[in-house]
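In what follows, a structure is listed as structure tokens, so that the remarks can point back to it.
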Amino acid sequence: MGTIALTAVPAFQDTLEGYEADRAAAETAVLLRYARSLSLMGTPHEVMFDAAAGTAAVVKTSDGTPAPDPLRKTRDAVLAFGRGGLGRTRLDSADFGGSSRVSFDTRGSASAGGKAVLRTGSEVHEVWVSAVGGRVWVQ
């Protein structure tokens, strides 16, 4: 019985890590798409990644005003890695043409192509943005 428990616990933990890694990557992609959609409505926005603080935030490109969370209007559109539901996930890096931020113009194109790298235990996900068209995808 003890052997079953010893093999089941790590397998369950791996499953939880995989689920959280997928969720973190999906939420990061949604945040990038949200910034792009706000830009398409006429006001350029960007996503600022801060690996040291473990955050990604949508702000207005012109003055840095935080964008409201689309679901909870009472707070800003910010992901906090290493806390809450993303407690095991770390923002390893973000590189968009040498910058940790990526902005979108009113046509939806990104200032530069690049990626954010997320790590949850042994799981690594990359969230990519293409410069032309601002397409967002997860690898």
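What to note about this one:
- The set of residues in the stretch 47-87 being in contact (Cβ under 8 Å) with a residue 40 or more places away in the chain and in a helix (DSSP H, G or I) consists of 85, 86.
- Any chance residue 81 is touching a Lys or Arg at 6+ places or on another chain (Cβ under 8 Å) and within 12 Å of residue 129 (Cα to Cα): no
- If the condition is being over 12 Å from residue 35 (Cα atoms), modelled with pLDDT of 95 or more and of a type outside the set (A, V, I, L, M, F, W, C), then the stretch 108-122 contributes 111, 113, 114, 115, 119, 120.
- Applying the criterion of being of a type in the set (A, V, I, L, M, F, W, C) and surrounded by 17 or more Cβ atoms within 10 Å (Cβ to Cβ) to the residues of the stretch 118-127, the residue that is nearest to residue 95 (Cα to Cα) is 127.
- Condition met for residue 47 (closer than 21 Å to residue 131 by Cβ and modelled with pLDDT of 95 or more): yes
The values are calculated or read from the model by the stated rules, or taken from the named source; none is laboratory data. Owing to the predicted nature of the structure, the values given are computational and were not obtained by experimental measurement. Heads up, the Cβs are rebuilt from the backbone with ideal geometry, glycines too, and the neighbour counts pull from every protein chain shown.
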